[in-house]
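J.: Below are the structure tokens for one structure; questions will follow.
Please treat every number below as a calculation from the coordinates, not as lab data. Since this is a predicted model, take the numbers as computed values, not measurements. Don't worry about glycine lacking a Cβ; one is built from the backbone with ideal geometry, like all the others, and counts go over all protein chains shown.
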């Protein structure tokens, strides 16, 4: 993984942030031999990198999920949340490499 995703341009703020998180996660993994310790110690970096990559690949869809699914609401909001989650899933799938 080179830290650059989708149509991200090298040197863009999102690309630089994801690169920094990826490097920090690799370093964190290198500090812990025990799988459980590594999982606990590096969890926050793993989640942050995942969120960075998702936001870099599908910014509009990721923001829609964040805003529509952040709290309970009306049946309309719950429906919009599900729709936005589906749109994000489709967007992410479109970026996956074919086997």
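J.: For the residues 60, 97, what sequence is obtained by ranking on other C-beta atoms within 10 Å, fewest first?
T.: Going from least to most buried by this count: 97, 60.
J.: Ordered by packing density, taken as the mean number of other Cβ atoms within 10 Å over each peptide's residues, highest first, how do 33-41, 45-53 rank?
T.: 45-53, 33-41
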